[in-house]
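The values are calculated or read from the model by the stated rules, or taken from the named source; none is laboratory data. Please read all numbers here as calculations on a predicted model, not as lab measurements. With ideal geometry, Cβ positions are generated from the backbone for all residues, glycine too; neighbour counts draw on all protein chains shown. Accessible surface is based on the protein model in full, side chains and every heavy atom, while ligands, DNA and RNA are left aside. Shrake-Rupley method; radii C 1.70, N 1.55, O 1.52, S 1.80 Å.
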Amino acid sequence: MSTLQVELITIGDELLLGFTIDTNAAHIARTLSAAGVEVVRRTTVGDEAERIAAAVREALDRTGAVITTGGLGPTSDDLTKPSIAKIFGRRMKLDEGIAGALEQRWRARFPNSRFPATNRSQAEIPEGARILTNRHGTAPGIWLEDDKGRWVAMIPGVPREMRGMLAEEVLPIVAARGKDLESVILSRTLRTTGIAESAIAELVGPNFLDDSESEAGSLSLAYLPGVAGVDLRVTAKGLPRANAEKLVNAAIEKLRTRVSTYVYGEDETDLAAVVLDRCRSLGLTLAVAESCTGGLLGERITNIPGSSDVFLGGVIAYHNDIKQDALGVRAEDIERYGAVSEEVALQMASGVRDKLRAGVGVSVTGIAGPGGGTPEKPVGLVWIAIYASEVKARRFHLIGDRAEIRQRAAQAALEMVRRALSNG
């Protein structure tokens, strides 16, 4: 039997206008794929009843299984429920229990404010619908199904509410629908950094997954470049779970041997977490000195829960006076070599290590642009230094706009630490 197939429809003018990035669809697709459910189409429509209804009607005709996000709030542009209810021939009806709960919640939060009458619209439910409990907000979700087994799950567009309801309400129902299906979708991802997509392709070779007639050849290998590096995703579709796991695991291990030097983790692994674990296992503490990254490296590290047992802190030495006064960089070296140089980077790493009494000091200095570059020192030039059991500095020429250069520099600094501590 085939995999369970679902279509996603995200609703909102703000998505079409580009003011809001559609992270909901990406999260839902990842979550469903991990559960073996295939997302076959993603659609975005604005806050117009006719377009919402047309998109849902077409999706139901194709797959019979739809998840929507957005348009469940109390304002006039929230038209998802009535639009979809019409497709199923259902009338809207006020659920007094939900309305009472909404009012009670409002009064608990705003005791001196009148409960808006418009909020009662969130308690209007299509007849015969199944209520999906929202434990993270006010708008309840809706599950509508007809006598042909076609269904639509409607959940809010607020990301926090969507994630909670997807995990707690929608996914268990959808997973139960697909439990008797033999085929699944299964993916694993290797995360690499410090190597270009084309260079990985050369290391992997053209026939990495064997010919298309073999079982391994039925897998797909996706190259997913980004600011942090290149992710390599191996996916099996339409295979029994045990067979899919065997083939994907074998392909991942084969892939790892080809690009092992550049692999720092799998799936959602953060390089900062890998660095912290390395420091922790070696009993080392870490301090950073940043110029062009302006604290971004420290942010990457402190975003990891529990980082305080390794990370002591940092110095944002943006101005040359701070490089001298706080980190002990010699003024004559700044004058002679420039702030973006090997000599200054090394002194910044040494200075922050000594000042914070850390086991490892790492520094970043560069030209993030868009101005400030010269033929000798162009925009994107970055020097990164590490001071630990070994002392080294490395020159990078990073591409992108200002934000991308800074992000790439922070990632490159973390990778330098990872590699330096690999033999520690």
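Brief remarks on what is shown
- The chain, relative contact order in percent, only Cα pairs under 8 angstrom and at least six apart counted: 11
- Surface exposure of the range 267-408, expressed per residue as accessible area with a 1.4 Å probe, stands at 48 Å².
- The distance between label points at residue 401 and residue 21 comes to 1.1 nm (points 7 Å beyond Cα on the Cα→Cβ vector).
- Cα-centre dipole for the range 77-169 with unit charges at Cβ (Lys and Arg positive, Asp and Glu negative), debye to 20: 200
- By average C-beta atoms within 10 angstrom, highest first, the peptides 286-298, 221-233: 286-298, 221-233
- Length-normalised contact order for the range 355-395 - Cα pairs under 8 Å, 6+ apart - percent: 37
- MRE, 222 nm, helices only [DSSP H, n ≥ 4, -39500 (n - 2.57), over the chain, to nearest 500]: -11500 deg cm²/dmol
- Nonlocal amide H pairs with residue 314, under 5 Å, H built at 1.01 Å: 288
- Extension gain, residue 331 to residue 57: 0.36 nm times the residue separation minus the Cα-Cα distance gives 91.6 nm.
- Most positive-pole-ward Cα, 36, 80, 46, against dipole of the range 30-89 from beta carbon charges: 36
- Principal-axis analysis of the Cα atoms of the chain puts helix 342-355 at an angle of about 80° to the longest axis.
- Over the range 123-223, Cα pairs under 8 Å with separation of 6+ residues give a relative contact order of 15 percent.
- Accessible surface of the chain [probe 1.4 Å, protein heavy atoms]: carbon and sulfur percent: 49
- Reachable aspartates and glutamates from residue 377, criterion Cα separation under 13 angstrom, eight or more residues apart if same chain: 342
- Residue 146 - accessible surface, heavy atoms, 1.4 Å probe, Å² rounded to 10: 30
- Comparing Cα centroids, the range 366-424 and the range 45-78 end up 46 angstrom apart.
- Basic side chains Lys and Arg get +1 at the Cβ, acidic Asp and Glu get -1 at the Cβ, and with that the dipole of the range 94-148 about its Cα centre reaches some 500 debye.
- Environment charge of residue 252, counting only residues whose C-beta is closer than 14 Å and scoring Lys/Arg +1, Asp/Glu -1: +2
- Acute angle (nearest 10 degrees) that the helix 49-62 long axis makes with the longest principal axis of the chain, alpha-carbon atoms: 90
- Debye, to nearest 20: dipole size of the chain, +1 on Lys, Arg Cβ, -1 on Asp, Glu Cβ: 700
- When the Cα positions of 206, 223, 176 are compared along the charge dipole of the range 154-262, 176 comes out farthest toward the positive end, with charges on each C-beta of Lys, Arg, Asp and Glu.
- Above-threshold pairs, the threshold being 30 Å between Cα atoms, out of 93/237; 254/392; 86/237; 93/148; 323/392: 93/237; 254/392; 86/237
- Solvent-accessible surface of protein heavy atoms, probed at 1.4 angstrom with all chains present, puts 80, 269 in the order 269, 80, largest first.
- Reported label for calculated volume of the Cα convex hull per residue in Å³ given (i) 142; (ii) 128; (iii) 192: (iii)
- GluC sites (Glu not before Pro) within the range 312-392: DSSP coil, no more than 16 neighbouring Cβ in 10 Å: 376, 390
- The C-alpha atoms of the chain define a longest principal axis, and helix 241-259 lies at about 20 degrees to it.
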